[in-house]
Amino acid sequence: MRALFLLLFATFAIDAAVAPREGWKQVADLMVNGDWECAPSIAIGAGGRPVSLTAGGSFTAAVQGGTTLRFTGDFSVAAEIESSVTANTSVISLVSRAASGPEFWRGLKRIDMGVSGNSVITYYWMGDVSNSTPRSFAFPGGRPTGPVRLELARVGSELVFYANGREAGRYTDPGLFSSGTLNWGIGAAPNTTTTLTSMIAAAPEANNDVALFDPFSQKAPRTGTGLRDLASARGFYFGAATDTNELLQGSLLPTIGREFNMLVAGNAMKFDTTHPAPGRYNFCRGDQLLRFAETNHMRMRGHVLLWHNQIPSWVTNGTYTQAEATALMKEHIETVVGHYKGRLGWWDVVNEAVSDAAPHALRSTFWLDKAGQNYIDDAFRFAHAADPDAKLFYNDYNGEGMGGKANAIYTMVQGMVARGVPIHGVGLQAHFQGSGAPTQQQMSDNIKRLGQLGLEVHVTELDVRLQSPTTPEKLEAQATVYRNVMAACRANANCTAVLTWGVTDAISWIDSFFPGYADGLMFDRQYQPKPAYTATVQEVTQMPLRPQILDGGAIIHAGLEGNVSPGSLADLYGARMATSTFTAPSGVLPTELGGVKVTVNGTAVPLYYVSPGMIILQIPYETKLGTAQVKVVTGGVPSLAVPMKVKEAAPFILTYGANRGIVQNSDYSLNSAENCARAGSFLIVYMMGSGPLDGAVATGAPVPLDRVYSQTLPTKARLGGKEAPVLFAGMTPDLWGLMQVNVTVPEGVSGDVELRVDVGEEQSNRPVVCVAP
Ligand code: XIL
């Protein structure tokens, strides 16, 4: 009894480090969704816990430029912190408005709450004077040693401060949170450490106006007729480079989301950003961009692993043996590629390694000089080992046509292919001047010869800068260069993507890097399409239509979500995916049906039904968990691949009508509003997305009769909010991927009630089922 009590108590203490107070609810877990990596001065410690430490003056840093809390009415932020020195000051910091200029305080609206000695301290800035207003209270009951729970709540017109669950004090809100939004951070006094172990946002039960806002999870409005839509229908990628600070400007976001089906990070994945200190990595900005890309069904290229620019001085100032430089390179590549494994389809592994001047030898760079002649081969091998599914590119400029540098690049990659180095493509940067770009023929010839080596080509950084002032004639000449690039690409099947280096002339590297030049992109400074856009659209439109899986069109069978599990059926929605309608005969499903194949991570999968607009397939039991790539190949012509999330289980209760579960009552009749189940009877629930089975079933084969008792992961059901005991959870014999779960209808529920069946850790959808009164 005593042992059990202690055990329960211990578990409780860990789970409930910070919980909302009585009558309040948690609206966000800021430890998990806090974007903590985006506060550059806060390190991420063991177990992903943000740590603030100072060697010198006292220091507070808040997460900026990412997820924020938005609210009206009452809300609170509660946290648990550990402080390295009990006698010293540790704080949580809430910033509701950033400073507006070089002085840290002007415009700043911020409040810090923390502990100092035996006091709960608060101090706030309102943006008009540099000094903060301090207010402190005795720590209720005296400050204990060990972690401290702090909560700052806005309640009506007051700010209320709690420490370890008890009110420490309150005062009138000076108007700190009038912006309706806040960022969070932590701080430490000199020579101390503050570690955050838990942080949540909470609100009174009745207040539904408190929520996280992630600017990078916004869905951009689509027209269906943007460049991206034209490209996707033709199995082609048209992309753009951007950065998080650009997307945050807001005006760029709709244009990017509407026009491009591919994205590349202008800077966010370069060495200096991802690897700012020895052994320390930061993926904040790259992760944010990828979040935006995935939310908007864009694929992302990785740029760039090794380059001579934008490497931090801790790298270039170090002294290395060749083995040490190679080890550094290996660690960097493994960590960065590994971080994005399965999510980035392509990587620029090495950038600009070939000299501009004849004889175009390898450029003297940190990597060549320290890691030696084999550094390029090595880099590709390291990257391939870290993500075997990513296509690896060598990327360079001034090698687009057939000149000496292009020849040197060709010879170099030819050697790599001959040596069996895992290289899959060449990126042609294509930073052109209005006059002086290579001809369409030259570019086409170069793309063709690379294709003969078995390599793909991406035009990776297209822009066509114009000598100022820009005139209508120059814009027409620029459109011709865009047209030539597109035509050269269109003429060669191995040219699979074109990306511009930016979106709008309002935000471009050209203005600062090429004085006297400007306006190289397809959209002008008012985000209006230029002649270059029109020319590009005309060229893309002339590419042949191909089978296409619509964005978000790979989902669990009969469901809505892109989560599937091994063995379950999945649906593809698309266009031109088959010439007609075909259904598989009973028995083992074929992997080719009506001239259609579907591949999941390159493997042809069993097909149940194909038609031009919809396909039903089975996810192989062998599919590894994580992001899988699905592709339709119709009469030998492939679509673009779309990503799909493969989870251990993806429970989805089949539905009919307006969200009614496909559920049989005990007499095997379909449950409906007119045919309700009785309490105490059992229901048979039909679902997709079972977990792994304890008796193996061959992919494509119907579930054998003797496998009816195959159990899956622990399965729990709830009906009308009450537990519905599970009598059986397994597969339906003679069908593919159909799970059935028998549950007992609990007492005390009636009418149309919500049904939910969770398998393992995964929650199901929540259709309704009728229970008789
Ligand atoms: C540029 C970025 O656009 C700038 O913001 C940054 O200051 C410097 O780098 N070739 C490349 C790109 O491969 O990474 C470069 O991007 C442009 C030239």
Gap separating the Cα centres of region 32-74 and region 191-241, nearest whole Å:
18
Give me the base-10 log of I(q)/I(0) for the chain at each q in 0.08, 0.09 Å⁻¹, Debye formula, one uniform scatterer per Cα, rounded to two decimals.
-0.84, -1.04
For Q64, placing the label point 7 angstrom along Cα-to-beta-carbon and taking region 91-106, residues whose amide nitrogen sits under 13 Å are 95-106
Please identify the GluC sites (Glu not before Pro) of region 659-767 that satisfy two criteria: DSSP loop assignment and at most 16 other Cβ atoms within 10 Å. Which are they?
E674, E747, E761
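I need the trypsin sites (Lys or Arg not before Pro) found in region 263-357, filtered to DSSP loop residues with at most 16 other beta carbons within 10 Å of theirs. Don't jump to the answer; show the numbers that get you there.
Details: sites: K270, R280, R285, R291, R299, R301, K330, K341, R343; in loops: K270, K341, R343.
When the trypsin sites (Lys or Arg not before Pro) of region 263-357 are filtered for loop state and at most 16 Cβ neighbours within 10 Å, K341 remain.
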Karplus couplings for region 668-675 from phi (6.51 cos²θ - 1.76 cosθ + 1.60, θ = phi - 60°), rounded to Hz, Gly and Pro as x?
6, 8, 6, 5, 8, 4, 8, 9
Within region 466-481, list the residues whose amide N lies under 16 Å from a label point set 7 Å along Cα→Cβ of D511.
466-470
Expected output is a single nm value to one decimal: the length gained when fully extending between L560 and E761, i.e. 0.36 nm times separation in residues minus the C-alpha distance. What is it?
70.4 nm
For S364 and E747, compute 0.36 nm times the residue count separating them, minus their Cα-Cα distance, and round to one decimal in nm.
130.1 nm
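Could you put L69, L560, L521 in order, starting from the residue whose Cβ has the fewest other Cβ atoms within 10 Å?
Listing L69, L560, L521 from fewest to most nearby Cβ atoms yields L560, L69, L521.
For a quick check: sort D29, D706 by the number of other beta carbons within 10 angstrom, fewest at the front. All intermediate terms of the calculation are to be shown ahead of the outcome.
Working: D29 14, D706 9.
Least crowded to most crowded, the residues run D706, D29.
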In Å, descending, principal axis extents of the Cα set of region 423-499:
42, 19, 16
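Could you work out how much longer the chain between Q414 and E723 gets when fully extended? Use 0.36 nm per residue separation minus the Cα distance between them, nm to one decimal. Show your work: numbers first, answer last.
Details: separation 309, 0.36 × 309 = 111.24 nm, distance 6.44 nm.
In short, 104.8 nm is gained.
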Taking chymotrypsin sites (Phe, Trp or Tyr not before Pro) that fall in a DSSP loop and have at most 13 other Cβ atoms within 10 Å as cut points, what is the longest piece of the chain between them?
105-667
What shape does region 693-745 take by its C-alpha gyration tensor, where a ≥ b ≥ c are the square roots of the eigenvalues and a/c under 1.5 counts as rounded, a/b above b/c as prolate, and the rest as oblate?
prolate
Given R₀ = 45 Å, FRET efficiency for T335-Q249 by Cβ-Cβ distance, to 0.05?
0.90
For R97, other-chain or 5+-apart residues with amide H closer than 5 Å (H placed, Pro excluded) are K109
Which GluC sites (Glu not before Pro) from region 492-595 combine a DSSP loop assignment with at most 16 other Cβ atoms within 10 Å?
E561, E592
What is the list of residues in region 238-257 whose amide nitrogen lies under 18 Å from a point 7 angstrom out from the Cα of K219, following Cα to Cβ?
253-257
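Report, to two decimal places, the Cα Rg of region 618-753 normalised by 2.2 N^0.38 Å (N = number of residues).
Details: Rg = 17.3 Å, N = 136, 2.2 N^0.38 = 14.2 Å.
So the Cα radius of gyration is 1.22 times the expected 2.2 N^0.38 Å.
Fewest Cβ neighbours within 10 Å first, please rank H458, H308 accordingly. Could you put the intermediate results ahead of the total?
Numbers: H458 28, H308 16.
Fewest-to-most Cβ neighbours within 10 Å comes out as H308, H458.
Can you compute the helix-only [θ] at 222 nm over the chain? Use -39500 (n - 2.57) per DSSP H run of at least 4 residues, normalise by all residues, nearest 500 deg cm²/dmol.
Values: 15 runs with 151 residues, N = 773.
Taken over the chain, the calculation gives -5500 deg cm²/dmol.
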Below 8 Å, C-alpha to C-alpha, sequence gap of six or more: please give me the relative contact order for the chain in percent.
8
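Using 1/(1 + (r/R0)^6) with R0 = 25 angstrom and r between the beta carbons of R170 and I44, what's the FRET efficiency to the nearest 0.05? Spell out each step's value before the answer.
On the way: r = 33 Å, r/R0 = 1.34.
Approximately 0.15, to the nearest 0.05.
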In Hz, Karplus ³J(HN,Hα) per residue of region 207-220 (6.51, -1.76, 1.60; θ = phi - 60°; x = Gly, Pro)
8, 9, 9, 10, 7, 6, 10, 10, x, 8, 10, 7, 8, 6
Starting from the 7 Å offset along Cα-to-Cβ, what nm value, one decimal, do you get for the label separation of V32 and N317?
4.0
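Only the coordinates and a few stated rules stand behind these numbers; no lab work does. If you're wondering where the values come from, they're calculated on a predicted model, not measured in any experiment. Here the Cβ is made from the backbone with ideal geometry for all residues, glycine too, and neighbour counts use every protein chain on show.
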